[in-house]
Amino acid sequence: MAPGPGMGEVTTPGDLRLLRPAEVRHLAARLGVRPAKRLGQNFVIDHGTVRRIVALAALQPGDVVLEVGPGFGSLTLPLLAAAHQVVAVEMDPLLAAALPATVAAHAPGLAGRLEVVTADAARVRELPGDPPTVLVANLPYNATVPVLLNVLAQIPSLARGLVMVQAEVGVRMCAPPGSREYGVSSAKLAWSARMRLAGPVPRTVFWPVPGVDSCLVSFTRTDPPRTGASRAEVFAVIDAAFGQRRKTLRAALAGWAGSAGAAERLIRKAGLDPGARGEALSVADFAMLARGPGLGGEL
């Protein structure tokens, strides 16, 4: 069913013209930009896909969108039509410098809604303009989880989001404890948000065409587990638990706790089984473990 009013319908002003695939290639040639695999640059060029993303994001007129990796602006243009403002964080200085001109040419009435920041979104600490409320982005394949972890930690105003990621990564991001795909990224993202798969994306909508399929992942911010430990302390336990994935918690956490015996005592005090593996623990369980002596207070 097509989105209707109140269901994230994408309304586009008469002066908005989306980028055609040939225009994206022309822009790349004019700027001398050759998509770099090391930067995870695969640009979405399909109009149906960008409209679908904006519709599923269910943006409200007052929303401030954070877009990471806008590239040539294919997704930026419809986002500007649906939101109050778009803060576009682009790592490539050539692409960042060209984006305002592209918006002015394709959506002159919306150019004032765009703020471009040249920065690495995996390291950004603060942004200009109004605080972003929604993340909507085609995230680079090589930095998906670092970007998400950073913006969730550094931009508390972000309440929800919809991101396009490599399909395999998306499955891991949303995996529950006990599942085969559950791991470090699943547990760390669960500290700040509830992740959900929102649909597949074929590789043919990108230029250049990647060797893998993608998917959409939506998230809603949640409160961290109640604990006396900090985020960094909880993440240290997660890293230790999955550092030796096939080992029991008692063995995997020996270095973190100081010895296997100390690890077993802390695990039992947290009400957990020393013989279990990290894959079985929720982020709340890791938060309980991180409260051990010297790491946030007594159990």
Self-check item: Cβ-placed point charges (K, R +1; D, E -1), dipole of the chain about Cα centre in debye, nearest 20
Solution: 780
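Ranking request for peptides 74-84, 236-246: highest mean number of other beta-carbon atoms within 10 Å first, then the rest in descending order.
Details: 74-84: 24.7, 236-246: 18.3.
Most protected by this proxy first, the peptides run 74-84, 236-246.
So if each residue of separation counts as 0.36 nm, and I subtract the Cα-Cα distance between ASP15 and ARG245, what length gain in nm does that give? It would help to have the intermediate numbers written out before the result.
On the way: separation 230, 0.36 × 230 = 82.80 nm, distance 5.41 nm.
Taking 0.36 nm per residue and subtracting the Cα distance, the gain is 77.4 nm.
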Self-check item: Extended-chain gain in nm, criterion 0.36 nm per residue less alpha-carbon gap, ASP213 and LEU31
Solution: 62.8 nm
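Counting other Cβ atoms within 10 Å of each Cβ, which GluC sites (Glu not before Pro) in the stretch 139-242 have at most 16 and sit in a DSSP loop? Write out the running numbers ahead of the final one.
Numbers: sites: GLU168, GLU181, GLU233; in loops: GLU181.
Hits after loop and neighbour filter: GLU181.
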Practice problem: Determine the calculated [θ] at 222 nm for the chain from helices alone, applying -39500 (n - 2.57) to every DSSP H run no shorter than 4 residues and normalising by the residue count; nearest 500 deg cm²/dmol. | Solution: -10000 deg cm²/dmol
Self-check item: Positive-pole candidate from LEU79, VAL171, SER214, dipole of the chain, charges at beta carbon
Solution: VAL171
Quiz item: Looking at (i) 156; (ii) 147; (iii) 137, which value of volume of the Cα convex hull per residue in Å³ comes from a calculation on the structure shown?
Solution: (iii)
Quiz item: When DSSP assigns beta bridges and you keep just the ones with both residues in the chain, what percent turn out antiparallel, to the nearest 5?
Solution: 50
Quiz prompt | Alpha-carbon spread of the stretch 231-289, three principal axes, descending order, Å | solution = 25, 22, 20
Quiz item: So if we plug the beta-carbon distance of ALA262 and ALA153 into 1/(1 + (r/R0)^6) with R0 = 30 Å, what FRET efficiency do we get, rounded to 0.05?
Solution: 0.55
Self-check item: Spacing of the two label points (7 Å from each Cα toward its C-beta) at ALA236 and ASP223, in nm
Solution: 2.6
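Quick one: length gained pulling ALA105 to ASP46 fully straight, 0.36 nm per residue minus the C-alpha distance? Spell out each step's value before the answer.
On the way: separation 59, 0.36 × 59 = 21.24 nm, distance 1.91 nm.
Gain on stretching ALA105 to ASP46: 19.3 nm.
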Quiz item: Rounded to the nearest 20 Debye, what is the dipole magnitude of the stretch 69-182 about its Cα centre when Lys and Arg each give +1 and Asp and Glu each give -1 at the C-beta?
Solution: 220
Quiz item: Cα centroid distance between the stretch 99-129 and the stretch 232-288, in Å?
Solution: 43
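Since every read-out is calculated from the coordinates, none of them should be taken as a lab result. Please read these numbers as outputs of a predicted model, since none were measured by experiment. Methodologically, a virtual Cβ is constructed for each residue, glycine included, from the backbone with ideal geometry; neighbour enumeration extends over all protein chains shown.
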